[in-house]
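Notes follow the structure.
The values are calculated or read from the model by the stated rules, or taken from the named source; none is laboratory data. What you see is a predicted model; the values in this text were computed from it and never measured. Cβ coordinates were reconstructed from backbone atoms using ideal geometry, including for glycine residues, and neighbour counts include every protein chain displayed.
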Amino acid sequence: MLCQTSDELQHFVEEAKKHTKEGKVANYIPELGKANPDQLSIAIHYPDGRCISAGDIQTKMTLQSISKVISLAFVLMDRGFRYVFERVGMEPTGDPFNSIAKLETMAPAKPLNPMINAGALVVTHMIKGDTVQDRFNRLLRFIRGLADDPSIDYCERVARSEFETADLNRALCYFLKQHHIITEDVETLLDLYTKQCAIEMNCLDLARIGLIFAMDGKDPLTGKQIMPDDVARICKTFMVTCGMYNASGEFAIKIGIPAKSGVSGGIMGAVPGRFGIGIYGPALDDKGNSVAGIKLLELLSKNYQLSMF
Ligand code: DON
């Protein structure tokens, strides 16, 4: 059974929206602190081209950590599995997304997975190109292709706001550089990483990208294989094991779909073989996930038996 109409979806949004009050917008990136915490929107994209949606669907969000799963797909295609997984691991951490703790206790100091900040910084480091501009444009082109939307760009204000305040990420980078996991200039890497995190779109685009992951890397509407199916499979597996950080276990039990969150309040879902989901709800819980977004997914998963387990 599938959710068929935007009206049906609207009903669930109204129910989940009550929970926005339980969360807070992220403010460690000052620009993100300006978001309206009461917002909640969702889009679902089906392989036959139908798209249903509810809430403030035109509001744009920056991808933040959702970009990590996309940059991972990109470097897996660029560098191959062996190169990538020699530098970043495959295990969930149970720690917050920005934690430095495990890096210190592991030898070698290779980040445990590509979804935590330390791992994502290593992934971004692997994006090929001569300059930041060149590397960023290659990634942006890939994202535009995934969403089939050439107008997607990044938000300069959010990128700058994060660049100016990203001292914890700087610390992670210097640690990784000391251990030769990254080799480039830290400010250059942060410039690229903060631009990547500031790529912005609405929930309709996000659902469209979720659909590509759901359909094993193939765009069902254009017939194009945008990424190899094993790249899409690896990304979805990381979404299940690490996509919601140290809430991934509970999320897998209660909702049971591959999903990736970001501190802007976005969640991208990919229901294997069925559809893509894009959510925006900037009020976050204490683990950095959209509080109403998770409630909404919980309602949908229960009502339409979406769990893959
Ligand atoms: O590096 C950061 O802290 C942010 N640009 C992204 C973190 C994030 O989205 C964590 N998600 N829940």
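Give segment 254-295 a look and list any residue that's of a type in the set (D, E, K, R) and either within 12 Å of the ligand (Cβ to nearest atom) or within 11 Å of the chain's Cα centre (by Cα) (or both), or say none.
Hits for segment 254-295 are Lys260, Asp285, Asp286, Lys287.
Got at least one residue in segment 210-219 being in a helix (DSSP H, G or I) and either free of Cβ contacts under 8 Å to residues at least 60 places away in the same chain or farther than 24 Å from Tyr154 by Cβ (or both)?
Within segment 210-219, one or more residues are in a helix (DSSP H, G or I) and either free of Cβ contacts under 8 Å to residues at least 60 places away in the same chain or farther than 24 Å from Tyr154 by Cβ (or both).
Search segment 235-249 for residues that are closer than 13 Å to Met90 by Cα and pair each with any residue that is crowded, with 24+ Cβ neighbours inside 10 Å and among the basic types (Lys, Arg) when their beta-carbon atoms are under 8 Å apart and the residues are at least 6 apart or on different chains.
Going by the 8 Å Cβ cut-off, the qualifying pairs are Met239/Lys260; Gly243/Lys260.
For segment 56-84, which residues satisfy the criterion of being among the charged types (D, E, K, R) and over 28 Å from Asn36 (Cα atoms)?
Once the filter is applied, which keeps residues that are among the charged types (D, E, K, R) and over 28 Å from Asn36 (Cα atoms), segment 56-84 yields Asp78, Arg79, Arg82.
Which numbered condition trips up Ser99, out of (1) modelled with pLDDT of 95 or more; (2) out of contact with any Cys (no Cβ under 6 Å at 6 or more places or on another chain); (3) of a type in the set (Ser, Thr, Tyr)?
It fails just one condition, (1).
In the list Phe74, Phe97, Phe85, which residue meets the criterion of being buried (at least 21 other Cβ atoms within 10 Å of the Cβ) and in a helix (DSSP H, G or I)?
Only one candidate passes the filter, namely Phe74.
Residue-wise test of (1) touching a helix residue (DSSP H, G or I) at 6+ places or on another chain (Cβ under 8 Å); (2) more than 16 Å from the ligand (Cβ to nearest atom); (3) within 26 Å of Ala118 (Cα to Cα).
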{"position": "Val13", "(1), (2), (3)": "yes, yes, no"}
{"position": "His19", "(1), (2), (3)": "yes, yes, no"}
{"position": "Ile29", "(1), (2), (3)": "yes, no, yes"}
{"position": "Gly33", "(1), (2), (3)": "no, no, yes"}
{"position": "Gln39", "(1), (2), (3)": "yes, yes, no"}
{"position": "Tyr46", "(1), (2), (3)": "yes, yes, no"}
{"position": "Asp56", "(1), (2), (3)": "no, yes, no"}
{"position": "Ile66", "(1), (2), (3)": "yes, no, yes"}
{"position": "Tyr83", "(1), (2), (3)": "no, yes, yes"}
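Please verify whether Lys224 is closer than 28 Å to Ser151 by Cα and not hydrophobic (A, V, I, L, M, F, W, C), treating the condition exactly as stated.
It is true that Lys224 is closer than 28 Å to Ser151 by Cα and not hydrophobic (A, V, I, L, M, F, W, C).
Suppose we filter Lys102, Lys128 for residues that are away from the ligand (no atom under 12 Å from the Cβ), surrounded by fewer than 17 Cβ atoms within 10 Å (Cβ to Cβ), farther than 24 Å from Ala292 by Cα and of a type outside the set (Gly, Ala, Ser); which single one remains?
Result: Lys128 is the single residue among Lys102, Lys128 that is away from the ligand (no atom under 12 Å from the Cβ), surrounded by fewer than 17 Cβ atoms within 10 Å (Cβ to Cβ), farther than 24 Å from Ala292 by Cα and of a type outside the set (Gly, Ala, Ser).
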